[in-house]
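Single-structure report; data block below.
The values are calculated or read from the model by the stated rules, or taken from the named source; none is laboratory data. The structure displayed is predicted, hence computed values, not measured ones. Positions of Cβ are backbone-derived with ideal geometry, glycine not excepted, and every protein chain shown enters the neighbour counts.
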Amino acid sequence: MIQAYLDGKRGASNVGTLVAGLIFGFAILGFLIAYGVAFGWVPLGERIDILRSNLNTIEYIATVAFLIYAACCLRTAYGLYQREQSSLRWSQWTYFVTLIIGAAILLSVIIPVGLKFSLLLGQEIDLRSLINEDIGGLAPIALSIGESLISVSLLVAGLVALLALLVFLIPPLEPLRDMEGIRLIVAPPGKFVQAILIVLFVGVICVLIAGTFVVPLYPGYTTIRDVETHRLVAGLLFFLPGLFGYMQARQVQEQSDELRRAIALTPGKFIRAELAKSPSAGAIIGFIAIFMGFTMATDLFLEPSSIASFLSNVATKGVIAIGVTYLMISGEFDLSVGSILGVTALSFMQFMTLGAPIFGVMEPIPAALLAIFVAFVLGAINGILLISTRIPSFIVTLGTMLAYRAITLVVIAGGRILRYSDHHESLPIISISKIVFVALAVLGLLITAYTAYRALPLLYQRAMQAWSVRHNNGDFGTSGAIVRIVLLLLVLLILASIVLWLVAVFSYHINAGGGEMVEVGYFDLFNGRVLSIGSEGEFIHLQIPRSANVRLAIVWWFIFVAFFHVILTSTSFGNSIFATGGNEGAARAQGVNVDRVKLQNFVIVAVLTGIAAIYETSRNPGVDPRKGTGLELEVIAMTVIGGALLSGGYGSVVGSLLGALIFGMLQTGLVLVGIESRVFAGTIGVIIIVAVVLNTLVRGAQRN
Amino acid sequence: MQYEQMNDNALVDMIDIHKYFGSVQVLRGINFHVDRGEIVGLLGDNGAGKSTLIKVLTGYHSLTRGQIYFDDEAVKINSPHDARELGIETVHQDLALVPLMSIARNFWLGQEPTYEIGPFKFLDKKMMARESIQALADVGIHVRDSEETVGNMSGGERQSIAIGRAVYFGKKLLILDEPTSALSVGETQKVLDYTIAAKEKGMSVIFITHNIRHVYEVADRFTIIERGHKLGDFYKSEVTENEVADMIVTGQIPERLRLYEEEEGGD
């Protein structure tokens, strides 16, 4: 019908104009809702005060999504009015955004319900007794037997339906690869499949309704956000029409011959294609999903203190994960990082307390350097063993893992716990001139200026180029161009705020006078709380809440990530790492010194582990000989979640960052929502598998 | 036959090459030479030692005994890097490209162009993209996007990229190791065209294959290897396609050619 209108058939004219007007009305509505949410008139979260000015996360998302929604509506209406083919694609975006809004609101119900329900299941075996009686401190619920039976059967039916829905929804991702699969996606799903999907979907709605009735009646898990029925209504109101419209629009478009060749253009596929360009697609999806999930499940998660705590927890492991990613890309594997961490931490402490063989008791910085040199030697031993014996690295590092552990257990300090405070009266302190801060600010400004000089013209150029060819580029054209322009603005904003901040720091220290000295703890410099440097944050002009435990290791970690990312992607050394892991023979035939690359990577891992050991020791100046046990597998997990292939040749440093962040979020988030931390290892296991499956799927989509 | 006089026009002269892998003798005293601007077809059945001979020449394997002269100078080739320095470019049968890397990165692997900022050297990605697309277009391969990964391309496309790269970087000698074994008829014809293009650029070419049909058209001379020994050198004017095919299969020189063979040994 709409297609007929677009083709200019006479009978369809009135309807088309009507639809255009209707969609224009939706646009106005979208703006109104965005306005309402932003100013607190339309509550989507828990509100005590209707005029409260601080929005919660869901409301932020809703505001932005509604603005995009309204813009898409406007463009669709205009396109329909002008009878452009492209209005069909714009209507897809409209429905897609509606889908996202609905799904987000629904998720904010589903996740808390699901969590609470699973916690209940974990405690109570007999559901009926759970609903009728007061057992184990749970409050009794005022439901009649009939009501409770209905609720329980709804829940069970819904859960089964949910599983079946997943099974039905997952396969279409896969067959994209070959021609047959494409045909399968072009053809609208059969009536039978549609009917099943509808039945399943009704089941899911059942579970939600039952959940919202049953679950909130159980107090006791106060950290999980309470379920609100009105959100369910709002969510369904958006989600169902969005889904219906999206399916319809896609069918119309796919039936139109002219657009069939541009089959890869539905918003979902666009996003998948964009993601497929990155090695860490699975990690990006996982990161967003887990972040949003915890944010929606509990109000405690998106707090500065929680974020800071999980960042501080994974910063040291994240530094090691960078090195492990390098090694894994070059096709090798290191199990000995935990032991290297132990040896380095212990030798660092030993050098400062009992003294090194020749140098005696050392100051923190020389001791740190010497300890990192120890790590360097251990890494070199790994590498030399590997390239001289040609034994698989799994075996080599399994051996050295046990052997290095023996060093910490026997050789150093006789297996005792070494504490700094047992040997020194106070923690070491260094005096830093304020000029250092000024110099750092200037250096930061220079780096920012250089980045801006390099990045901005390029981004501008690309955005303009994408904009100018947007019509020849199918649907990617316009949306891709908009994405690029938004990216440009974002980068501009970030750079500008960094500059403003650095200028503030600079002027503060210049005005404070140059000659003054500041006393800073050595350990704080390595990995202390940022606030403990100087007088409570005055020095760095950052608004960090006192409760947030922001440690300096986080800063170092991000610097390392940036540095090693550049090396991996933009130097010939990085190129030879990829080649070594991707096809060792080809690398050798092209003149890459494969053995040297491997040796270098083993040393890089070891040195980064050594640096991580210094951080760990500085955070808690007492070292147990068993320090770092089990670390190697955690770090490998982070790397694999981040998209690196165990077989080598593929991966990214940013992926390892995301992997580490996912790891940390789960560690902190599970505790915050009230799930026992013992579930953590199991959850990580599931996440690894899901992430790798996602990565494989996305790489499959890339082939098309 | 054991001693071959140095040829004035020879670009490469490999004399009495032995290569043992442990106790297995793969090459047992082979003499092999390539003249300037000549296309040599290096023929032999599977396992005859063709690839090993080439891997010795390109530094992938070290030789057990023997001497290599390149451009009239005795050389020692210990690594692929050394071979490259001499101006030898190779397209290996199984070691051509890294599937997970992009076209541009594969093209420049091992000799990436860089620009310097202070002490740091960064890849010149713009030049890598531009030059690789241009160079491949010059040998008749048109790629849309130099950032595409090689793993997504067909066998023929990959082989073409490997050959395009070798032609671009090759200065004196181009070695093609079984370049046509996985290709369709049309793609094979393209490879033969590149070979002639390389010859016209003034390079010598060694074309290794066990399928005489693929090389008879373009080669000037055939060297046939049989179980680590050289069966002989034959100019195209001297032999027919069928005779060469027979020699590869039977390992025997036909009665008619034995005299020529001896004469050639002395020239």
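Here are the numbers for the structure shown:
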read-out	value
Selected residue [surrounded by fewer than 19 Cβ atoms within 10 Å (Cβ to Cβ) and in a strand (DSSP E or B)] from A:Ser426, A:Ser431, A:Ser421	A:Ser431
Matching residues, the range A:545-563, being part of a helix (DSSP H, G or I) and either β-branched (Val, Ile, Thr) or buried (at least 22 other Cβ atoms within 10 Å of the Cβ) (or both)	A:Leu552, A:Ala553, A:Ile554, A:Val555, A:Trp557, A:Ile559, A:Val561
Cβ-Cβ under 6 Å pairs, at least 6 apart or on other chains, the range B:182-200 side among the acidic types (Asp, Glu), far side surrounded by 14 or more Cβ atoms within 10 Å (Cβ to Cβ)	B:Glu187/B:Gly156
Filter pass, A:Ala315 being modelled with pLDDT of 90 or more and either of a type in the set (Gly, Ala, Ser) or out of contact with any Lys or Arg (no Cβ under 6 Å at 6 or more places or on another chain) (or both)	yes
Of all residues in the range A:636-671 being within 13 Å of A:Ile688 (Cα to Cα) and over 16 Å from the mean Cα position of the chain (by Cα), the one that is surrounded by the most Cβ atoms within 10 Å (Cβ to Cβ)	A:Ile636
Test set (1) within 11 Å of chain A (Cβ to nearest Cβ); (2) at pLDDT 85 or above; (3) buried (at least 20 other Cβ atoms within 10 Å of the Cβ) - B:Ala96 fails condition number	(2)
Residue that is surrounded by fewer than 13 Cβ atoms within 10 Å (Cβ to Cβ) and closer than 30 Å to A:Val499 by Cα, where the choices are A:Leu402, A:Leu443, A:Leu456	A:Leu443
Count - residues of the range A:574-586 that are farther than 15 Å from A:Gly651 by Cα and more than 7 Å from chain B (Cβ to nearest Cβ)	1
Residue match in the range A:389-403 (condition: part of a loop (DSSP other than H, G, I, E, B) and modelled with pLDDT under 80)	no
Test result for A:Leu608, away from chain B (no Cβ under 14 Å), hydrophobic (A, V, I, L, M, F, W, C), surrounded by 23 or more Cβ atoms within 10 Å (Cβ to Cβ) and in a helix (DSSP H, G or I)	yes
Filter result (within 11 Å of chain A (Cβ to nearest Cβ) and either among the β-branched types (Val, Ile, Thr) or not in a loop (DSSP other than H, G, I, E, B) (or both)) within the range B:117-130	B:Ile117, B:Phe120, B:Lys121, B:Phe122, B:Leu123, B:Lys125, B:Lys126, B:Met128
Residue within the range B:166-182 that is under 20 Å from the mean Cα position of the chain (by Cα), part of a helix (DSSP H, G or I), closer than 22 Å to B:Val56 by Cβ and more than 9 Å from chain A (Cβ to nearest Cβ) present	yes
Qualifying strands (runs of 3 or more DSSP E) (wholly inside the range B:20-108; at least 1 residues being more than 30 Å from B:Thr149 (Cα to Cα) and touching a residue at least 24 places away in the same chain (Cβ under 8 Å))	B:24-35, B:39-44, B:65-70
Condition check for A:Gly643: within 14 Å of another protein chain (Cβ to nearest Cβ), farther than 23 Å from A:Gly383 by Cβ and either not charged (D, E, K, R) or not in a helix (DSSP H, G or I) (or both)	yes
Criterion: surrounded by 24 or more Cβ atoms within 10 Å (Cβ to Cβ) and either more than 11 Å from chain B (Cβ to nearest Cβ) or not basic (Lys, Arg) (or both) - qualifying residue of A:Asn593, A:Asn620, A:Asn601	A:Asn601
Any hit, the range A:309-325, residues being farther than 30 Å from A:Pro545 by Cα and surrounded by fewer than 17 Cβ atoms within 10 Å (Cβ to Cβ)	no
Residues of the range B:80-93 that turn out to be out of contact with any Phe, Trp or Tyr (no Cβ under 7 Å at 6 or more places or on another chain) and more than 7 Å from every other protein chain (Cβ to nearest Cβ), as a count	7
Qualifying residue in the range B:59-78 (condition: at the interface with chain A (Cβ under 10 Å from one of its Cβ atoms) and under 23 Å from B:Met203 (Cα atoms))	yes
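Yes/no matrix, rows are residues, columns are (1) surrounded by fewer than 18 Cβ atoms within 10 Å (Cβ to Cβ); (2) not assigned by TED's automatic domain parsing to the domain that holds B:Tyr60:
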site	(1), (2)
B:Leu109	no, yes
B:Tyr115	yes, yes
B:Gln134	yes, yes
B:Ile163	no, no
B:Glu178	no, no
B:Gln189	yes, no
B:Leu192	no, no
B:Ile208	no, no
